[in-house]
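What follows is a short report on a single structure.
The values are calculated or read from the model by the stated rules, or taken from the named source; none is laboratory data. Treat the numbers as computed from the prediction; the structure is a model and nothing was measured. Using ideal geometry, Cβ is built from the backbone for each residue, glycine included, and neighbour counts are taken over all protein chains shown.
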Amino acid sequence: MQNPQQDPLSLTSRLSWALLSLRVAVFIVMFVWTLDKFVNPAHSMKIFEKFYSIGGVPETAVYVLGAFQLALVLAFVAGFAKRYTYGLVFLLHGASTLSSFQQYFDAFNHLLFFAAWPMWAACFALYLLRDADTKFAMSH
């Protein structure tokens, strides 16, 4: 096996593929969350109330937020304006992760909530390494 320190192009290539895989995986989750706002706006309204203590969110507001989120996640997966899109995805997912904090105290009844932490770490890694995330990205 070749030493990656002796072949920096190989390391760069592997890094760009790894970052692309993180970007696509984060996109898939965020995209499904976005679609949920359009398919089942009542679910989003319940989430706003339960996790963010924001009750009475009108359905129209959910659609508007969904439209903004859709634009963001599409720009994110395209690697467009990475400083802003990757940063916003990191912040939004962080807010989601932290707003669920009570669920972590009852871990065994809320195991799926723990998947938010490695995804948040992936968002952080993408933000930190955004300049190296060049595979199929609009901006380099």
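Side notes on the structure shown:
- Here the helices (runs of 4 or more DSSP H) wholly within region 43-134 that include at least 2 residues being of a type outside the set (Asp, Glu) and under 15 Å from the mean Cα position of the chain (by Cα) are 59-78, 82-99, 116-128.
- When residues of region 115-140 are limited to those that are aromatic (Phe, Trp, Tyr) and under 14 Å from Val29 (Cβ atoms), the one surrounded by the fewest Cβ atoms within 10 Å (Cβ to Cβ): Trp117
- Meets criteria (under 18 Å from Ala122 (Cβ atoms) and in a helix (DSSP H, G or I)) for Val32: yes
- Against the test of being closer than 13 Å to Arg23 by Cα, modelled with pLDDT of 95 or more and of a type in the set (Gly, Ala, Ser), the options Ala75, Ala137 yield a single qualifying residue, Ala75.
- Selection count where residues are β-branched (Val, Ile, Thr) and touching a residue at least 24 places away in the same chain (Cβ under 8 Å), scope region 44-64: 1
- Only one entry of Gly79, Gly56 meets the criterion of being touching a Leu at 6+ places or on another chain (Cβ under 9 Å) and among the small types (Gly, Ala, Ser), and that entry is Gly79.
Let's see how each residue does on (1) among the aromatic types (Phe, Trp, Tyr); (2) at pLDDT below 95:
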{"site": "Phe31", "(1), (2)": "yes, no"}
{"site": "Phe38", "(1), (2)": "yes, no"}
{"site": "Ile54", "(1), (2)": "no, yes"}
{"site": "Gln69", "(1), (2)": "no, no"}
{"site": "Leu91", "(1), (2)": "no, no"}
{"site": "Ala116", "(1), (2)": "no, yes"}
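- When Phe76, Phe90, Phe68 are checked against the criterion of being surrounded by fewer than 16 Cβ atoms within 10 Å (Cβ to Cβ) and within 22 Å of Cys123 (Cα to Cα), a single residue qualifies: Phe68.
- Region 31-49, residues that are of a type in the set (A, V, I, L, M, F, W, C) and in contact with a His (Cβ under 9 Å, 6 or more places away or on another chain): none
- Region 46-65, subset in contact with a helix residue (DSSP H, G or I) (Cβ under 6 Å, 6 or more places away or on another chain) and surrounded by 13 or more Cβ atoms within 10 Å (Cβ to Cβ), residue farthest from Val24 (Cα to Cα): Val57
- Note on region 22-43: among residues that are over 22 Å from Trp117 (Cβ atoms), touching a residue at least 12 places away in the same chain (Cβ under 8 Å) and not aliphatic (A, V, I, L, M), the one that is surrounded by the most Cβ atoms within 10 Å (Cβ to Cβ) is Lys37.
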